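Take a look at the structure set out below.
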Amino acid sequence: MQEMLRFFARFALPAGLFLICAGLLRANFLDIPVGAKAAALGGAFSSFPDDGSILKWNPAGLAKINQKQIYIAHMPLWLDTDFSFFSYVQPSLKKEQTFAAGFCRLVSGCFIARQSIFDAGEEFDIAHHAVLLSGARKISNKIYTGANFKFINSRIYRKSASGYGCDAGLFSDFKENMTAGLFVENLITPSLSWETEREKFSRIFSAGSAYKFRNYLFVLNLRKKKNIPLEKGAGAEYTKGIFSLRGGFNENFRFGAGIKKNSFSLNYCFAFHDLGGNHTFDFARSFGQVRGEKIKKITKRYAKNLSKNYFKKGLDYYNQQKYELALAEWDKALIWTPENNEIKQRLDEVSEQLDILVNRKLLERHLTAGYKFYSQGELRESLKEWESVLLFDPLNERANEYISKIKEKFGDEERRAVEEKMLLRKQARINVLIEKGEGLLSKDKPNEAIKVFKKARIFAPDNKVISSLLVKAEKNKETLFEEYFSKGQGFYSRKNYTEAVKNIKYALTFKESKQALDLLNVIKQESAKELPKVSQSEIDKMYYLSADLYFKQQYEEAGKILDEILKKAPLNENALKLKQKVAATLEVIKK
């Protein structure tokens with residue numbers, strides 16, 4: 001019995017362990033479908049280049065990706081096993097060719113190696129890695145080719161083996177809305193040498209086609225591997241806005257969903273399996289300039305023409321009494337010609353006019369309803385409308401006149417009840433304004449808070465709470481001025497002129513100060529001496545480029561260029577104003 005145990009510990013157990021590991025090795029880890037979108041479409045992705053997973057499905061499709069992209073996919077498997085894939089895509093901006101790099105990893109853990117059945121054992125994992133270097137380019141009208149060079153490494157316990165191989169593919173968008181792909185995986189077959197055997201990967205042929213019709217996408221793929229029956233994959237996708245639903249079949253049914261907004265995409269897939277099913281997640285982020293998109297060399301004259309066109313369009317909207325649209329167009333015009341006083345004046349006048357118009361329309365609506373209900377004898381309804389008029393215009397004579405008439409027609413008891421209700425509504429309005437103003441104060445917006453408190457004071461001129469809040473807001477302005485002016489002085493002492501100007505200018509929004517204005521002039525003189533001299537034409541060129549990116553909704557890129565301008569010219573008003581717009585827009589997007 002003792003001899004049998006010794007034999008099992010020395011020979012049978014290590015042999016069994018090796019057989020298990022060898023079985024894992026022969027299951028080519030590169031056969032695992034990469035990406036949630038591709039998996040949900042049944043693995044039929046060789047003819048539809050859409051994201052960084054195309055390295056694995058058909059590198060020729062890389063040539064159709066026109067923007068830099070980072071792609072990450074993850075698939076948690078069973079028994080402490082995980083599969084991950086990462087890729088970076090770098091297209092050429094001038095030619096239809098693209099380069100990419102990918103990293104693939106399959107790790108399975110919690111194995112125990114024992115020298116004998118009495119041994120506590122040593123924990124280890126089995127890991128497979130592959131690095132892919134890929135390239136693709138256009139070779140003729142609507143035909144693209146691509147290839148992967150891949151380095152593969154596998155590790156089991158204390159043993160490892162490495163090898164390299166090559167894949168090649170063709171891709172064609174031969175008809176409108178229809179594409180096709182052909183992919184030979186392991187054209188040069190990787191071979192891994194172990195101590196007792198040599199593992200060679202099989203050559204695999206894939207062919208597929210995709211058809212896009214309105215919001216629908218249909219894909220089909222055939223895949224043939226030596227000594228294995230023909231594998232068929234098919235799938236369909238429906239897209240509405242930023243959302244997509246997908247379903248497919250490849251040995252088993254799978255389904256998924258995705259969200260794609262601007263340069264971000266997030267996808268999920270669930271695939272049924274004999275072991276119960278598995279999940280796949282992926283994420284892609286595109287960035288940078290789009291291939292083929294020309295960056296305009298914008299001159300001052302070109303900028304003036306753009307501004308002129310926007311201004312003219314704004315005038316058309318203004319004449320149609322579409323004031324909000326007119327303001328939007330004039331705001332665009334002012335970005336291109338920030339010094340244009342005519343546009344500034346128009347913006348101020350129409351902004352004020354729009355506020356008056358909105359209030360007037362609401363006021364007229366309540367006035368009309370008040371007259372109507374009064375003439376019909378519906379005094380209570382009429383009273384509500386006149387009270388609403390007072391909410392917009394507390395001193396409105398006509399509203400006060402009709403409220404008095406209505407009260408005279410009520411009895412003493414009813415009149416008192418009406419007056420009490422009116423008083424409660426008035427107090428409720430005052431409370432709302434006070435609460436709004438206090439909220440603005442808590443966010444360090446005393447200027448806006450003062451406007452709200454002054455509006456509340458119209459309803460209650462002798463209200464001591466409102467008066468104390470106005471005093472508090474004025475003190476808050478003084479405090480904020482001191483805080484930001486002090487910050488600006490600190491940055492100035494460290495010769496960080498950009499931040500110094502930013503903080504001093506913000507301080508001046510709370511209080512006029514000769515000391516702060518004098519310091520700005522000093523910074524202007526010193527920065528002119530110490531910073532590298534930059535011509536105004538170069539500053540203009542950078543500003544126009546940032547404005548162009550802003551209108552293309554590439555806000556982060558626009559912000560970076562504006563930061564460069566402010567490093568070279570900290571007092572540049574145009575860059576400072578556009579930077580504020582960019583920052584405000586990015587803040588809204590993040591919310």
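The values are calculated or read from the model by the stated rules, or taken from the named source; none is laboratory data. No experiment lies behind these values; they were computed from the predicted model shown. Cβ atoms come from the backbone with ideal geometry, glycine included; neighbour counts cover every protein chain shown.
Show me the helices (runs of 4 or more DSSP H) entirely contained within region 483-591 in which 2 or more residues are hydroxyl-bearing (S, T, Y) and either in contact with a Lys or Arg (Cβ under 7 Å, 6 or more places away or on another chain) or on the phi < 0 side of the Ramachandran plot (or both).
497-508, 536-551
Residue-wise test of (1) crowded, with 16+ Cβ neighbours inside 10 Å; (2) among the hydrophobic types (A, V, I, L, M, F, W, C).
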| site | (1), (2) |
| --- | --- |
| S527 | yes, no |
| S537 | no, no |
| Y543 | yes, no |
| A547 | yes, yes |
| K552 | no, no |
| E557 | yes, no |
| I561 | yes, yes |
| I565 | yes, yes |
Select from region 408-423 the residues that are out of contact with any helix residue (DSSP H, G or I) (no Cβ under 7 Å at 6 or more places or on another chain) and of a type in the set (A, V, I, L, M) and write down the one among them that is surrounded by the fewest Cβ atoms within 10 Å (Cβ to Cβ). L423
So which of A161, A113, A180 ends up being closer than 17 Å to S206 by Cβ, of a type in the set (A, V, I, L, M, F, W, C) and touching a Phe, Trp or Tyr at 6+ places or on another chain (Cβ under 7 Å)? A180
Evaluation of D167 against (1) charged (D, E, K, R); (2) over 20 Å from A44 (Cβ atoms); (3) touching an Asp or Glu at 6+ places or on another chain (Cβ under 6 Å) (one fails), failing number: (2)
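This table checks each residue for (1) at pLDDT 90 or above; (2) at negative phi; (3) not in a strand (DSSP E or B).
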residue	(1), (2), (3)
L192	no, yes, no
E199	no, yes, no
S202	no, yes, yes
A207	yes, yes, no
G235	yes, yes, no
G248	yes, yes, no
What number of residues within region 58-80 are closer than 19 Å to K142 by Cα, among the hydrophobic types (A, V, I, L, M, F, W, C) and not in a loop (DSSP other than H, G, I, E, B)? 3
Please identify the pairs in which a residue from region 196-219 that is free of Cβ contacts under 8 Å to residues at least 12 places away in the same chain has its Cβ atom under 8 Å from the Cβ atom of a residue that is assigned to a loop (DSSP other than H, G, I, E, B) and surrounded by fewer than 17 Cβ atoms within 10 Å (Cβ to Cβ), counting only partners at least 6 apart or on another chain. K200/T189
For K225: the one exception among (1) in contact with a Ser or Thr (Cβ under 8 Å, 6 or more places away or on another chain); (2) in the same structural domain as D331 (by TED's automatic domain parsing): (2)
One residue is enough: does region 378-386 have a residue meeting the conditions under 30 Å from L306 (Cβ atoms), out of contact with any strand residue (DSSP E or B) (no Cβ under 8 Å at 6 or more places or on another chain) and of a type in the set (D, E, K, R)? no
Mind checking which residues of region 82-94 are assigned to a strand (DSSP E or B) and surrounded by fewer than 17 Cβ atoms within 10 Å (Cβ to Cβ)? D82, S84, F86, Y88, Q90
Can you tell me which residue within region 573-590, out of those that are closer than 16 Å to Q554 by Cβ and in contact (Cβ under 8 Å) with a residue 24 or more places away in the chain, is surrounded by the fewest Cβ atoms within 10 Å (Cβ to Cβ)? I589
For R415, are the conditions met, namely being out of contact with any strand residue (DSSP E or B) (no Cβ under 9 Å at 6 or more places or on another chain), of a type in the set (D, E, K, R) and in contact (Cβ under 8 Å) with a residue 24 or more places away in the chain? no
Yes or no: region 238-245 includes at least one residue that is of a type in the set (K, R), assigned to a strand (DSSP E or B) and touching a residue at least 40 places away in the same chain (Cβ under 8 Å). no
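In region 202-244, how many are loosely packed, with under 12 Cβ neighbours inside 10 Å and either closer than 21 Å to K175 by Cβ or among the polar types (S, T, N, Q) (or both)?
Restricting attention to region 202-244, the residues satisfying the condition of being loosely packed, with under 12 Cβ neighbours inside 10 Å are 213-216, 226-230, 240-241.
Still in the list and also either closer than 21 Å to K175 by Cβ or among the polar types (S, T, N, Q) (or both): 213-216, 227.
Here the count works out to 5.
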Kindly list the number of the only condition in (1) loosely packed, with under 14 Cβ neighbours inside 10 Å; (2) on the phi > 0 side of the Ramachandran plot that fails for Y157. (1)
In the set A38, A73, which member is under 24 Å from the mean Cα position of the chain (by Cα), at pLDDT 90 or above and crowded, with 16+ Cβ neighbours inside 10 Å? A73
Go through region 31-83 and count every residue that is touching a Cys at 6+ places or on another chain (Cβ under 7 Å) and under 15 Å from R223 (Cα atoms). 1
Among A113, A127, which is more than 30 Å from A180 (Cβ to Cβ), touching a Gly at 6+ places or on another chain (Cβ under 7 Å) and not aromatic (F, W, Y)? A113
Near pairs, Cβ below 6 angstrom, 6+ apart or cross-chain, from region 396-412 (assigned by TED's automatic domain parsing to the domain that holds W386) to any residue that is at pLDDT below 80 and surrounded by 13 or more Cβ atoms within 10 Å (Cβ to Cβ): N396/V389; A399/V389; A399/L390; K407/R415
Considering only region 372-398, state which residues are buried (at least 16 other Cβ atoms within 10 Å of the Cβ) and more than 51 Å from the chain's Cα centre (by Cα). F373, Y374, L379
